[in-house]
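The structure under discussion appears below in the form of structure tokens.
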DNA sequence: TTTTTTGTTGATTGACGAGTCAATAAACGT
DNA sequence: ACGTTTATTGACTCGTCAATCAACAAAAAA
């Protein structure tokens, strides 16, 4: 039965199973056995391919991050103006995909992991830097020197709004979340126009 | 040896020990044994007073929340103007106490708990509602009808900035965090003044 | 064909942990 | 003095789980 080239197949199966199980448990209290079973193999095989539980978690984190990255890239691809790029980033960050139980759980638990596991912290800061760079790139043409600080608070606001929406009771409303962030953006841009002494109507 | 009236003493000792241990572990992967040992008693006694691990965690969460609440109340007590109340809330939210390892760890893990443990979610929403009410009360005299939405994003921004600062490498800088939020507030108030068609200088 | 590499698992090991219980003891009420 | 309540723990039960290992199977290389 042993077909060759199983490694990548087994690994992605394990990663997906891990994310599902984390979603089910709501925590990292997930056994290798549960993961392996969901992925359709023995625990021994999971250890064989990943070496240990922590590495499985890190692979899952990488996967979540890459999904998010892909979504952002996709949204940016269709945006032409800087302003549209900003909207695209915000929209993508609050897409329904990001509010799936497993994804929320993954994020929250990765925050926890990032406290103590250096690999996790590194991954998280990669995400933050990428988001920051994207925001910066879109903001610079609009607000020039103030781009840095606006990008900073915009990034934090996205995280904060996501956190609240994800933990609120009832189904998550990405639309409403996006609106909060867009409003913030509008306020900051308006303030920029004011300090530039431009009437800025049309 | 059994002195009477031990219950409250033992309970607070356990709660404090729990928070320390959560800080040490960076997660809720903390055994009742560790907690009991740090609190200077046997595991059996911990179970005797709290009934189970989950209830110990909830008590710890209540404690963290009450510390935060006390700090907010203290800061508000000295504020006279609405604007000063807002500053006080922001400052208190980013006080050094809130960036201690144990406190950060507690918050992050309570977010995780809130996903699955109803009691934890309830406590978290108590915190959110209290913060919201405080912000609202301070904002209403300044921006009237727009208080609701500004309070919403202000609350989210506080959470988001806290999250980032707490997870950033190096020592946390509450001062810088507070400034980000204060800047946001300034932008929103400026926008409000603009839409009210008032020049608003002094 | 023999050997090596790759895939795969059941069974086992070794450790740890939540919660229970019986037993001990001091204080309190009467 | 005596029964009751409160405090306290060591020892134990029962379960779980990460990680390892020996062994088997098939494909590829030699």
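The values are calculated or read from the model by the stated rules, or taken from the named source; none is laboratory data. Nothing here was measured: the structure is a model prediction, and the numbers come from that model. Ideal geometry is used to build each Cβ from the backbone, glycine not excepted, and the neighbour counts take in all protein chains shown.
Within the range A:9-31, track down each residue that is within 8 Å of DNA strand D (Cβ to nearest atom) and surrounded by 20 or more Cβ atoms within 10 Å (Cβ to Cβ). Selection gives A:30 alone. Of the helices (runs of 4 or more DSSP H) contained entirely in the range B:1-74, not one carries at least 2 residues that are under 19 Å from residue B:96 (Cα atoms) and either modelled with pLDDT under 95 or more than 23 Å from the chain's Cα centre (by Cα) (or both). Where helices (runs of 4 or more DSSP H) sit wholly within the range A:89-182, those with at least 3 residues that are crowded, with 16+ Cβ neighbours inside 10 Å, within 10 Å of chain B (Cβ to nearest Cβ) and in contact (Cβ under 8 Å) with a residue 60 or more places away in the chain occupy A:101-116, A:147-167. Taking the criterion of being within 14 Å of chain B (Cβ to nearest Cβ) and more than 8 Å from DNA strand D (Cβ to nearest atom), the only residue of the range A:40-57 that qualifies is A:57.
If you go through the range B:184-200, how many residues are closer than 20 Å to residue A:158 by Cα and more than 7 Å from chain A (Cβ to nearest Cβ)? Steps first, please.
The initial filter retains those residues of the range B:184-200 that are closer than 20 Å to residue A:158 by Cα, namely B:184-188.
Applying the additional criterion that residues be more than 7 Å from chain A (Cβ to nearest Cβ) yields B:185-186.
Count: 2.
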